[in-house]
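Below is one structure, written out as structure tokens, with a few remarks after it.
The values are calculated or read from the model by the stated rules, or taken from the named source; none is laboratory data. Fair warning: this is a prediction, and the values are worked out from it, not measured in the lab. Neighbour counts run over all protein chains shown; Cβ positions are idealised from the backbone, glycine included. The accessibility values were calculated without ligands, DNA or RNA, using every heavy atom of the protein model including side chains. Shrake-Rupley method; radii C 1.70, N 1.55, O 1.52, S 1.80 Å.
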Amino acid sequence: MRTSEVFEAVTFPNASEILVRRRSARGGMEVLARIPRPVNAPAPLHEAMSTALDHSRWQAVSPAFLLPAEEHAAAVSGVKVEVTSRYEHPADPAAAIVALTEEHREALTDEAVRFYTRIDEPVDGLDDYSKAAAGSLIWDAGLLPIRFTGHRDRCGDLVRAHIVADTGLWTPTAERATDLDNQTLTARVLWQLICELSD
């Protein structure tokens, strides 16, 4: 059973800190922690964030996502990663992010083709609906874009689905167990989530 609560860490190029926050019941953001970050760090922003998180109580559990440039009136885009507390379950090994690859994307396309063929719908263009991006997969058929990330911990593998919230940010909405080394099985799980979230 996964009981760790997932929060988000965000930062912008001109910021001197990383904010760890969670969405409140009223829809706003509650800041849980402020982690110092050198303003002139030479590394790319997502690497500077990763380094700062490595020296904090928070650990990343997702790839880095770009934030809209307009958030907090920033001139340029920042980055966001999902995080959880390292100390919530000290006996558990840290969760690892597992990249979803081009092979996962091809398997997802194959699964979509099989589904559309069974219901006698055209399959032309299905390959264009998915793309691999920064270790995640994005499915966008023009209705509800869904971003999938892969995760592994002592309980096994899972995929997490994210949809774009009213804020314009990718927000976790569902997750399901799989075997990330088995691209065919993972594609079936992804397709199940796509069908459920698109209803």
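Checked against (1) under 23 Å from R160 (Cα atoms); (2) of a type outside the set (K, R); (3) at pLDDT below 85, E106 meets all criteria but (3). With respect to the conditions (1) in contact with a Cys (Cβ under 9 Å, 6 or more places away or on another chain); (2) at pLDDT 80 or above, T11 lacks only one, and its number is (1). Sub-9 Å Cβ pairs linking a first residue in the range 129-144 that is free of Cβ contacts under 8 Å to residues at least 24 places away in the same chain and of a type in the set (S, T, Y) to a second residue that is surrounded by fewer than 18 Cβ atoms within 10 Å (Cβ to Cβ) and part of a loop (DSSP other than H, G, I, E, B), at least 6 apart or interchain, are Y129/D140; Y129/A141; Y129/G142, ordered by first then second residue.
Quick grid of which residues meet (1) within 17 Å of P63 (Cβ to Cβ); (2) under 11 Å from the mean Cα position of the chain (by Cα):
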position: R147; (1), (2): yes, yes
position: G150; (1), (2): yes, yes
position: W170; (1), (2): yes, yes
position: L180; (1), (2): yes, no
position: L185; (1), (2): no, no
position: V189; (1), (2): no, no
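Which residue is modelled with the highest pLDDT, if the candidates are limited to the range 17-28 and must be open to solvent by less than 70 Å² (accessible area, probe 1.4 Å) and over 18 Å from A64 (Cα atoms)?
If we filter the range 17-28 for residues that are open to solvent by less than 70 Å² (accessible area, probe 1.4 Å), which is where we start, we get 17-21, 24, 27-28.
Adding the requirement that they be over 18 Å from A64 (Cα atoms) leaves 24, 27-28.
On the way: S24: 65, G27: 64, G28: 70.
Selected residue: G28.
Does T149 count as surrounded by fewer than 20 Cβ atoms within 10 Å (Cβ to Cβ) and polar (S, T, N, Q)?
Details: surrounded by fewer than 20 Cβ atoms within 10 Å (Cβ to Cβ): no; polar (S, T, N, Q): yes.
Taking the combined requirement at face value, the residue does not satisfy it.
Identify all residues within the range 117-130 that are closer than 17 Å to L193 by Cβ and modelled with pLDDT of 85 or more; write none if there are none.
The initial filter retains those residues of the range 117-130 that are closer than 17 Å to L193 by Cβ, namely 126, 129-130.
Y129, S130, listed by residue number.
Can you name every residue in the range 172-192 that is open to solvent by less than 40 Å² (accessible area, probe 1.4 Å) and either closer than 27 Å to G28 by Cα or part of a strand (DSSP E or B) (or both)?
In the first step, residues of the range 172-192 are kept if they are open to solvent by less than 40 Å² (accessible area, probe 1.4 Å); the result is 174, 178, 180, 186-187, 189-191.
Across the range 172-192, the qualifying residues are A174, T178.
Quick check on the range 156-171: of everything there that is among the charged types (D, E, K, R) and surrounded by 15 or more Cβ atoms within 10 Å (Cβ to Cβ), which residue is farthest from G28 (Cα to Cα)? Step by step, filter the range 156-171, then rank; the result is D157.
Give me a count of the residues in the range 29-55 that are more than 22 Å from the chain's Cα centre (by Cα) and either closer than 23 Å to T171 by Cα or at pLDDT 80 or above (or both).
So in the range 29-55, the residues more than 22 Å from the chain's Cα centre (by Cα) come out as 36-42.
If we keep only those that are either closer than 23 Å to T171 by Cα or at pLDDT 80 or above (or both) as well, we get 36.
Qualifying residue count, the range 29-55: 1.
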